[in-house]
1. What residue, among those in the stretch 145-204 that are assigned to a loop (DSSP other than H, G, I, E, B) and farther than 30 Å from ALA121 by Cα, is modelled with the lowest pLDDT?
2. Name the residues in the stretch 59-74 that are surrounded by fewer than 16 Cβ atoms within 10 Å (Cβ to Cβ) and either at pLDDT 80 or above or under 22 Å from the mean Cα position of the chain (by Cα) (or both), would you?
Amino acid sequence: MNDNMLKRENAHPSLIKRLLMYLRLHQQSITYLLVTFCAVIYFVYGLGYSSNWALVVSESRGQTFYRASQQVNRILVDLGFVHLVIVLIHLAFGAITRKKYYVSNFVLSIISSIFMIVIPAITIYYNGVLSRMYARITEEEVPAYLYQVHGAGEKSFAVFSICNVLSIVMLLVALLFVEFIIYKWRAQKERAKLIKELLVNHER
């Protein structure tokens, strides 16, 4: 009984250790898959960001909110598109599997990580502004039956909530991406130092 319990206790650290080793071994591919996933999902979601309010603004009194949401929508789509293009260019350079990174790889990685920090910050800010505007629209201004939501007659703030969650996920992935860039830079620096030492010793 005690032996079995001891084996189970010893198995857990081993399993965790193997998992951490697997994640570190495949960190590059996992990181870029997450970055690509965030870029694609954000861009696609941005395309339909303000479409939920199409019926709400069919009354002229809701057009202030509608115009604001359209401006924000364009900003989010433009940022999402540029970031997606940068990620795709980086993937085309073999970043997901390349062992040796060149200056271009590091530059594109840094630019992409900056986008993944700036985009969520802008999104969360504009979401806050638009959600407050949306909340102030009254039934007298826009009839409740015009709200295009799940459950007629009630406002839906789901688009703001989902986009905020997506932004937080993107920020977390950005942190992983920055950690990977630092790890990759240090690893290449150490490798270059080791190669230099081997060449010096060989010449001796």
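The values are calculated or read from the model by the stated rules, or taken from the named source; none is laboratory data. Owing to the predicted nature of the structure, the values given are computational and were not obtained by experimental measurement. Methodologically, a virtual Cβ is constructed for each residue, glycine included, from the backbone with ideal geometry; neighbour enumeration extends over all protein chains shown.
1. Narrowing the stretch 145-204 to residues assigned to a loop (DSSP other than H, G, I, E, B): 147-157, 204.
In the following step, the residues that additionally are farther than 30 Å from ALA121 by Cα were identified as 151-153, 204.
Numbers: GLY151: 46, ALA152: 50, GLY153: 57, ARG204: 57.
Per the criteria, the residue is GLY151.
2. Here is the first cut: in the stretch 59-74, the residues surrounded by fewer than 16 Cβ atoms within 10 Å (Cβ to Cβ) are 59-61, 63-64, 67, 70-71, 74.
Once the filter is applied, which keeps residues that are surrounded by fewer than 16 Cβ atoms within 10 Å (Cβ to Cβ) and either at pLDDT 80 or above or under 22 Å from the mean Cα position of the chain (by Cα) (or both), the stretch 59-74 yields ARG67, GLN70, GLN71, ARG74.
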